[in-house]
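Okay, structure first, notes after.
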Amino acid sequence: MKLERAELRVISLPLLRPFKTSFGVMTDKTFILLRLFGEGLEGVSEGVMDAEPRYREETISGALAFLQETVLPAVLGHDWENPEQLMAHLSGLRGNRMALATVEMAFWDLWTRSLGLPLRAVLGGVRREVAVGVSLGIQPTVQATVDSAVRHAELGYKRIKLKIEPGWDVAVVRAVKEALPDLPVTVDANASYSLGQLGILRQLDALGLDYFEQPLAWDDLHDHAKLQALMDTPLCLDECITSAQDARKALETAACRLINIKVGRVGGHLEARRIHDVAASFGAPVWCGGMLESGVGRAHNIHLATLANFTKPGDTSSSSRYWARDIIVEPLETEGGMMRVPPGAGTGVSLDLPFLDSLTRLRTEIGPVRRAVAGPAAGSPA
Ligand code: OSB
Ligand code: MG
């Protein structure tokens, strides 16, 4: 597949309701959208880095510069046989896995479209629909959280994940567990606790959670291993895992017992699949996380989650939970807690370009020779 040109956009999509985590409140989802063009076809992806480095260290502004100045010039104008060859060419670039994932994922979409095959089939997926749960942000009250959890359980979602932070933990978890004794309930602290808070962590351990996601620092496998040795509840790592090597080290040292794989966090589908395989070799389940992606990133996640060892429900819930209108044409909606993989070649989804244009804050085209153009809404608020 000859990569001819690329288009980078920054999109702001308003969320239906604010999403609060231990690291901040989000009211709009702002993200990088990448389109890669070649042989008359187009592949699309979105980056999962935020404007500020509060989840992990990458940022939208940093990624834009890195993609424009380094990564895209290195891959455009060349004929790539497959994603492996493309990524081997970039293997000397350290870190920046969210930015690299953006290019890798768009290339997978483009390449599998050129093969006329669904992304899931080429990745080696084993199912046509994937089980999903929901991730509930920190709410104003315990009652509001219980109501939301019950509503989602009634819609068929197969697991409830509660965002927690110190001061918003034991009471809300206990109330949701009491309301839904038979549904798997999990918590995600997004790195907001430390080993100094063992008292609270032990209380959470006694509540029968399916697992506890990323209790401790985003870059700290060592303390997670210490904590796992003191807890019955399986720990699940998210922020800490950016590669198959990280996954091996985490599982070898029992810093966790399962892994939240986000293709956009780990450098793309190839690395996501390697993490999946490493976890399988340890007998550790994985599940597919999310970053409040638009339909573009959501579709990539859904295809990835068809691999065999994605045995726990993922976070890729219905698009209509997040947006009044998505940037893709095809609906991505669950039924009975199952999300059908979009049929068709590649990710199987297509951009709603007029709507996308109205959300575009910045647009740059990069050819084999780079040039910048003003976007339809460049410089003005979305
Ligand atoms: O830690 O899994 C996380 C959203 C943004 C950033 C980090 C996380 C999340 C979620 C929501 O939990 C997942 C989703 O619904 O897409
Ligand atoms: Mg998480």
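The values are calculated or read from the model by the stated rules, or taken from the named source; none is laboratory data. Please read these numbers as outputs of a predicted model, since none were measured by experiment. For neighbour counting, all protein chains shown are included, and Cβ atoms are generated from backbone atoms with ideal geometry for every residue, glycine included. The area values use the complete protein model at the heavy-atom level, side chains included, leaving out ligands, DNA and RNA. Shrake-Rupley method; radii C 1.70, N 1.55, O 1.52, S 1.80 Å.
Measure off 7 Å from each Cα along the Cα-to-Cβ vector at Thr70 and Arg340, then give the distance between these two points in nanometres to one decimal.
It is 4.2 nm.
Given +1 on the Cβ of Lys and Arg, -1 on the Cβ of Asp and Glu, and no further charges, what dipole in debye does the chain carry about its Cα centre, rounded to the nearest 20?
160 debye
Tally Lys and Arg at +1 and Asp and Glu at -1 over the other residues with C-beta under 10 Å from the C-beta of Asp357: what net charge comes out?
+1
Please report, for the Cα atoms of the stretch 121-340, the Rg to one decimal and the Dmax as a whole number; what are they, in angstrom?
16.6, 49
Indicate, rounded to the nearest 5 percent, the antiparallel portion of the DSSP beta bridges found entirely in the chain.
That works out to approximately 65 percent antiparallel.
How about Lys226: which lysines have a C-alpha closer than 22 Å to its C-alpha, ignoring those fewer than 8 places off in the same chain?
Lys249
What number comes out for the charge environment of Arg248, summing +1 per Lys or Arg and -1 per Asp or Glu over other residues with Cβ under 13 Å away?
Residues close to Arg248 contribute a combined charge of -2.
Based on the Cβ-Cβ distance from Val329 to Ala179, what FRET efficiency comes out when R0 is 51 Å, to the nearest 0.05?
Taking R0 as 51 Å, the efficiency between Val329 and Ala179 is 0.85.
Under a cut-off of 20 Å between alpha-carbon atoms, report the lysines in cross-link reach of Lys177, not counting same-chain residues fewer than 8 places apart.
Of all the lysines, those that pass the test against Lys177 - Cα under 20 Å, at least 8 places apart if same chain - are Lys158, Lys161, Lys163, Lys312.
Find how many whole Å separate the alpha carbon centroid of the stretch 193-225 from the alpha carbon centroid of the stretch 262-305.
Centre-to-centre (Cα) distance: 23 Å.
Need one number: % antiparallel among DSSP beta bridges in the stretch 121-340, to the nearest 5.
The antiparallel proportion sits near 25 percent.
If you take the Cα Rg of the stretch 242-296 and divide it by 2.2 N^0.38 Å, with N the number of residues, what do you get?
1.10
On the protein heavy atoms, probe 1.4 angstrom, tell me the percent of accessible surface of the stretch 121-340 carried by carbon and sulfur.
Of the solvent-accessible surface of the stretch 121-340, carbon and sulfur hold 51 percent.
Can you tell me the length gained on complete extension of the stretch Val126 to Glu81, counting 0.36 nm per residue apart and subtracting the Cα distance?
13.8 nm
Aspartates and glutamates near Lys262 by alpha-carbon distance under 12 Å, same-chain residues fewer than 8 away left out - which ones?
Result set, ordered by chain and number: Asp238, Glu239, Glu271, Glu293, Asp315.
I need the calculated FRET efficiency for the pair Leu115 and His89, taking r as the beta carbon distance and R₀ as 25 Å, to the nearest 0.05.
Computed FRET efficiency for Leu115 and His89 comes out at 0.80.
What angle do you read, to the nearest 10 degrees and between 0 and 90, between the alpha-carbon axis of helix 97-115 and the longest principal axis of the chain?
The angle comes out at about 60 degrees.
Please give the Cα centre distance for the stretch 1-26 versus the stretch 144-160, rounded to the nearest Å.
First find each Cα centre; the distance between them is then 26 Å.
Restricting things to alpha carbons, find the Rg to Rh ratio for the chain using the Kirkwood radius for Rh.
0.96
Using the heavy atoms of the protein chains alone and a 1.4 angstrom probe, what is the accessible area of the chain per residue in square angstrom?
Ligands and nucleic acids excluded, the figure is 38 Å² per residue.
At q = 0.18, 0.19, 0.21, 0.27 Å⁻¹, what log₁₀ I(q)/I(0) does the stretch 45-121 have when each alpha carbon counts as one equal point scatterer in the Debye sum?
Log10 of I(q)/I(0), two decimals: -0.75, -0.82, -0.96, -1.31.
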